[in-house]
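A short worksheet on the structure shown next.
Taken together, the values in this text are just the output of simple stated rules run on the coordinates, not laboratory data. What you see is a predicted model, and the numbers here were worked out from it, not measured in a lab. Here the Cβ positions follow ideal geometry from the backbone for every residue, glycine too, while neighbour counts run over all protein chains shown.
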């Protein structure tokens, strides 16, 4: 089984994005919900029970930007990824009101 973490950085501010609501989804629907901490992190999504397969992280960017009084272009960011083996998977999100980027982290 695999473990999963994420980290959201607000590149428009140059700091972690605290308070971003997100959901982990699998083929069977929603698996977990979380909110990023003061460092923009969620350290354990799925409780270490993620089998190989395709998953999605759905970030509520509209809610995050509304908290800051900022109008963003993307109301949500959906990142689909595949877990292929046991171990740890880290999915970072670099976020700004008008763009985002993601990659496989470590």
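Descriptive notes on the structure:
- Least to most buried among 10, 60, 37 (fewest other Cβ within 10 Å first): 37, 60, 10
- Extension gain, residue 18 to residue 30, is 2.1 nm, computed as 0.36 nm per intervening residue step minus the present C-alpha separation.
- Gaussian network model of the chain, Cα within-10 Å springs - most flexible of 61, 82, 11: 82
- Hull volume per residue, based on the alpha-carbon atoms of the range 2-102 and their convex hull, is 84 Å³.
- Between residue 38 and residue 84, full extension at 0.36 nm per residue minus the direct alpha carbon distance yields a gain of 13.5 nm.
- Dividing the summed -39500 (n - 2.57) terms of all DSSP H runs of n ≥ 4 by the residue count of the chain sets its mean residue ellipticity at 222 nm at -1500 deg cm²/dmol.
- Summarising the label geometry, the points placed 7 Å from Cα in the beta-carbon direction at residue 11 and residue 101 lie 0.4 nm from one another.
- Gaussian network model of the chain, Cα within-10 Å springs - most flexible of 39, 86, 27: 27
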